[in-house]
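> Below is the structure I would like to discuss, written out as structure tokens.
The values are calculated or read from the model by the stated rules, or taken from the named source; none is laboratory data. Please read these numbers as outputs of a predicted model, since none were measured by experiment. As a convention, Cβ positions derive from the backbone with ideal geometry for all residues, glycine included, and neighbour counts pool all protein chains shown.
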Amino acid sequence: MIHRRTEEQIEAMARAGDVHARCLKMLGSKVRPGVTTAELDEAAEKFILSQGAIPTFKGYRGFPASICASPNSLVVHGIPGPYELEKGDILSIDVGVTLDGWIADGAATFPVSEIDPETERLLEVTHDALRVGAAQMIPGNRVSDISHAVQTRVEAEGFSVIRSLVGHGIGQAMHEEPQIPNYGPPGRGAEIEVGMVFAIEPMVNAGGPGIVMDEDGWSVYSEDGSMATHFEYTVAATREGPRVLTPWDED
Ligand code: MG
């Protein structure tokens, strides 16, 4: 079953999303050479708790931290630790915020100082794929219209969508129905209705689409070692169209 939230519930999710967006912006401002991913995790946890919210990821299925911190060929679910960021790295930060029982989930990949032009393009294309995917969050569309928009944008630029990792419905649980793949033909799957809220999250490799799971049971790497990116919003379908509840990229 795909939940449909009331306007009041969407406002509650937007409040969680506001904490989320300010947290992710704050983390992005701290991304620089010499910073460790553990320091970013600590800053995230401190900020989220200071807002009266809960870091959703901490303890989720045993995950040990408040953010996922995934540098370079790490696609998602990197565990924060002693790794010091270096100039030319990229870092994907994924964070979840629970406020009054409602969850906001979102991610972005940040450049560490200057990065090479091809990696810069990878970041821009994945961010843009998120925007075009989210733009399909319109009542009357179908779930795979999102998938198709993401895939089309990414593959037109010669990059690869990861197929085995998907977006999801979100609300009072982090992962709800439906699953939202980042590939596929348009016009398939459930019809999007007013009040549905999805976490849309393109995960893209610069090289081939393959991934490998690390022996830590969490870290997912690109199989060919190429740079990997992850951008995510929590988005509601409203009568007025898509509403991004985690606007971390707005001023
Ligand atoms: Mg997610």
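> So, in segment 187-210, how many residues would count as being outside any loop (DSSP other than H, G, I, E, B) and within 16 Å of the ligand (Cβ to nearest atom)?
At the first step, the residues of segment 187-210 found to be outside any loop (DSSP other than H, G, I, E, B) are 191, 197-200, 203-205.
So of that shortlist, the ones also within 16 Å of the ligand (Cβ to nearest atom) come out as 197-200, 203-204.
Selection size over segment 187-210: 6.
> I've got another one for you. Can you tell me which residues in segment 163-177 are closer than 16 Å to A104 by Cα and more than 13 Å from the ligand (Cβ to nearest atom)?
Once the filter is applied, which keeps residues that are closer than 16 Å to A104 by Cα and more than 13 Å from the ligand (Cβ to nearest atom), segment 163-177 yields Q172, E177.
> Out of curiosity, is F47 surrounded by 13 or more Cβ atoms within 10 Å (Cβ to Cβ) and either touching a residue at least 40 places away in the same chain (Cβ under 8 Å) or assigned to a loop (DSSP other than H, G, I, E, B) (or both)? Steps first, answer last, please.
Values: surrounded by 13 or more Cβ atoms within 10 Å (Cβ to Cβ): yes; either touching a residue at least 40 places away in the same chain (Cβ under 8 Å) or assigned to a loop (DSSP other than H, G, I, E, B) (or both): no.
Answer is no for this residue.
> Continuing with the same structure: Specify the residue that is nearest to S164 (Cα to Cα); the eligible residues are those in segment 210-225 that are of a type outside the set (F, W, Y) and buried (at least 20 other Cβ atoms within 10 Å of the Cβ).
Looking at residues that are of a type outside the set (F, W, Y) and buried (at least 20 other Cβ atoms within 10 Å of the Cβ), I get I211.
> Go through (1) out of contact with any Gly (no Cβ under 6 Å at 6 or more places or on another chain); (2) within 27 Å of G62 (Cα to Cα) one by one and return the number of the condition E177 breaks.
E177 satisfies every listed condition except (1).
> Exactly one condition in (1) more than 16 Å from the ligand (Cβ to nearest atom); (2) in contact with a Pro (Cβ under 6 Å, 6 or more places away or on another chain) is not met by M137; state its number.
Of the numbered conditions (1) more than 16 Å from the ligand (Cβ to nearest atom); (2) in contact with a Pro (Cβ under 6 Å, 6 or more places away or on another chain), the odd one out for M137 is (1).
> Still on this model: Given the condition more than 15 Å from the ligand (Cβ to nearest atom), surrounded by fewer than 24 Cβ atoms within 10 Å (Cβ to Cβ) and part of a strand (DSSP E or B), answer yes or no: does some residue in segment 58-65 qualify?
There is no residue in segment 58-65 that is more than 15 Å from the ligand (Cβ to nearest atom), surrounded by fewer than 24 Cβ atoms within 10 Å (Cβ to Cβ) and part of a strand (DSSP E or B).
> Here's another thing I want to ask about it. Quick check: is even one residue across segment 213-231 touching an Asp or Glu at 6+ places or on another chain (Cβ under 6 Å) and either at pLDDT 95 or above or away from the ligand (no atom under 16 Å from the Cβ) (or both)?
No, because not a single residue in segment 213-231 is touching an Asp or Glu at 6+ places or on another chain (Cβ under 6 Å) and either at pLDDT 95 or above or away from the ligand (no atom under 16 Å from the Cβ) (or both).
> Being surrounded by 15 or more Cβ atoms within 10 Å (Cβ to Cβ), out of contact with any Pro (no Cβ under 6 Å at 6 or more places or on another chain) and at negative phi is the filter here, so list the residues in segment 180-191 that pass it.
If the condition is that a residue be surrounded by 15 or more Cβ atoms within 10 Å (Cβ to Cβ), out of contact with any Pro (no Cβ under 6 Å at 6 or more places or on another chain) and at negative phi, then I180, P181, Y183, P186 are the ones that fit.
Here's the yes/no breakdown for (1) under 18 Å from V235 (Cβ atoms); (2) in contact (Cβ under 8 Å) with a residue 12 or more places away in the chain; (3) out of contact with any helix residue (DSSP H, G or I) (no Cβ under 8 Å at 6 or more places or on another chain):
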{"residue": "A16", "(1), (2), (3)": "yes, yes, yes"}
{"residue": "L24", "(1), (2), (3)": "yes, yes, yes"}
{"residue": "L40", "(1), (2), (3)": "no, yes, no"}
{"residue": "R61", "(1), (2), (3)": "no, no, yes"}
{"residue": "I67", "(1), (2), (3)": "no, yes, no"}
{"residue": "S73", "(1), (2), (3)": "no, yes, yes"}
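> Considering only segment 67-95, state which residues are under 14 Å from the mean Cα position of the chain (by Cα) and not aliphatic (A, V, I, L, M).
Within segment 67-95, C68, S70, H77, G78, S92, D94 qualify.
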